[in-house]
Amino acid sequence: MHPSFALLAPLALLVPTLGASESAPEPVAVEREAIEVVDFVDGVNVRQVRIEQRVTIRIAPRDPAIRPSMLAEMAPDAAAPAKLSERKMGKCVPVSGIAAVQADAGGRLLLFMRDQRLVAASLEKACHARDFYSGFYLERTGDGLLCIERDKLHSRAGASCAISRMRQLVATDD
């Protein structure tokens with residue numbers, strides 16, 4: 001192949017387009033109509049919009065550094081482990097106040113609160129705390145609280161349980 005053909009080949013491709021641009025038909029305008037669904041109630045046009053929003057909150061398992069630092073503040077002597085006793089509290093805790101969760105023996109979840117409290121949440125009889133080893137999900141409520149016998153906790157393993165009792169754990173001086 002001659003080198004001049006290689007240089008003129010791109011120009012040859014442009015020549016048909018230059019001639020065709022004058023005789024090309026104009027593009028056809030496409031008209032689109034908006035389809036509107038209107039319900040008639042008593043002869044009046046009614047437009048209805050339904051917006052559904054679902055917010056799921058995830059409470060993660062505790063970081064290994066959270067619990068020792070928290071218990072160190074509760075017990076002045078770091079060598080001796082703190083003895084914890086249960087204290088009555090209200091039926092609800094704010095969801096935004098939960099920093100982490102840990103599964104405990106006896107069907108309980110330990111809720112580490114942001115205000116340095118430790119809350120033991122007992123699950124229903126049919127539920128096991130070990131199902132919540134990787135945290136839990138719950139749906140946001142209007143009041144922003146997690147309450148006993150009202151809200152359901154959903155584990156990543158598929159369990160769905162309600163909390164039957166909540167108690168605050170406090171260090172004792174025995």
_Surrounding net charge for H128, when Lys and Arg each add one and Asp and Glu each subtract one, Cβ distance under 13 Å_ = 0
*Rounded to a whole number, what is D in µm²/s for segment 87-134 from Stokes-Einstein with the Kirkwood radius over alpha-carbon pairs (25 °C, 0.890 mPa s)?*
218
*Label points 7 Å out from Cα along the Cβ direction at E52 and D115: separation in nm?*
3.6
*Approximate spin-label separation R156-K125, in nm, with each point projected 7 Å along Cα-to-Cβ*: 3.1
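Each reported figure results from applying straightforward, stated rules to the coordinates on display, with no laboratory input. Note that this is a predicted model, so its numbers are computed, not measured. Neighbour counts are summed over all protein chains in view; Cβ atoms, including those assigned to glycine, are modelled from backbone coordinates with ideal geometry.
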